1. What number, in percent, do you get for the relative contact order of chain B if the mean sequence gap of Cα pairs under 8 Å and at least 6 apart is divided by its residue count?
2. Please report how far the C-alpha centroid of region B:194-269 lies from that of region B:351-430, rounded to the nearest whole angstrom.
3. Relative contact order for region B:101-224 using alpha-carbon pairs under 8 Å, separation at least 6, rounded to a whole percent?
4. At each listed q (0.07, 0.09, 0.12 Å⁻¹), what is the log10 of I(q)/I(0) that the Debye formula gives for the protein assembly as shown modelled as equal alpha-carbon point scatterers?
5. As a test of the formula, what do you get for chain B when each DSSP H run with n ≥ 4 contributes -39,500 (n - 2.57) and the sum is divided by the residue count, at 222 nm and rounded to the nearest 500 deg cm²/dmol?
6. Once you keep just the Cα pairs under 8 angstrom separated by 6 or more residues, what percentage relative contact order results for region B:128-319?
7. For region A:21-65 and region B:1-38, what is the separation of their C-alpha centers, rounded to whole Å?
8. Given axes a ≥ b ≥ c from the Cα gyration tensor, I'd like to know whether region B:216-362 is rounded (a/c under 1.5), prolate (a/b larger than b/c) or oblate.
């Protein structure tokens, strides 16, 4: 069984990454009881402050659901921390790279 | 790396030299050691530390009106507080052959001014003398079993600028000879890591939100010798779980910005809070007032308290106007004032949407209905962000045609909730 690779296929994010972005958006909306549809969160807008408007209480709650769902323990001393919450896509990328479940 | 008292004394002498000639300091240092050095440096040079609950542009503007000579002591390279800035000097101060003596501070000296939001838009200052702050914290040490000769290490997840953090980390260490951990760990893995790294006996000063996150995260918890919680009551279940997982006592503290700490309890043993000696509660016109002991002046409490004895009471939640989100306190009246001061807002009101809309971790935010035909919701939120702490930004903010005022102009919370629920159900159309 050979996989056909279309020359027109976009080199951008593979389907699994897009799925994870949607899944994490759904987790955030459910955990924080936000009044937005997960699909309406701009994957590239900042999560913190302006943008989605989350604050540090939210970030702690997100860290909790992320640790439960994917086994990823976030650390503030990691230099990547600021980048991780830079956008939904960056958070999803970090989870994809570090998930243990 | 432990920092010894001789280094602390050298550091505070150096910081006192760079604070300038004004009488007030906004101590914005995030590092708990540097905050403590700044506080001590302000004390020895006779300056008052100003501790507002938030640093929004509007609050800073009002702080300048309150104390025109205020400077901002900061350890952040990207500090954007609009005040004359004094950067915390980098590196430790050089030690001299003769160490600086431990300064003696007059108990009557005004040490700090903390602020509550009030209801008229102007923050209300509460003055704290050094002697009363110390008296309060020494009783805290008695209650926590930390007034003996053995020294412990204090790790705290709350900022030193918050009254609870100031008392239970910075002042507890200074007044009773304990060691202080400079870091303020945030994520569960950070809290566990920092706690494990400091010597025992060690205590964790925290809040229900952090403790709940710690337990639920699945992070391995290092042993601790005491856990302290404040800002909101813990559920009995969470309290029992904390004691079990850390295999130690959990004590809760109750107080307010105005009064400082006034009582404590061990929730797994009793729901009753026991007052600090000398502090009494009295009820006048349905309101509970606290006075005596270290309290500067009789103070109306913003919670519903039921006295069960001379020294004991039960806590039945906040009074209707109060907003308490993760230890950040405001009032609906203050938030409404800020909302209605936005150009283009014709009418607007904040309200409690109820616990049914709380987040997964149980944090219930406030919501708002706003009449502002010329503005969109994003613009209103943007304007609010300049004026109030982000914890109080409304979730949701609903633009409506008019508020459900009664014929006398009153605005029942229930009517606002019904309007908002109907609004959300109809998909946001008015």
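Every number in this text was worked out from the coordinates using simple rules, so none of it is lab data. Note that the structure is a prediction, hence the values are computed from the model and not measured. Cβ sites come from the backbone with ideal geometry, for glycine too, and all protein chains shown count toward neighbours.
1. For chain B, the relative contact order is 11 percent.
2. Centre-to-centre distance over Cα atoms comes out at 33 Å.
3. For region B:101-224, the relative contact order is 21 percent.
4. -0.43, -0.71, -1.27
5. Rounded to the nearest 500, the figure is -8500 deg cm²/dmol.
6. Numbers: 358 pairs, mean separation 29.9, N = 192.
Rounded, it is 16 percent for region B:128-319.
7. Here the two parts' Cα centres lie 38 Å apart.
8. oblate
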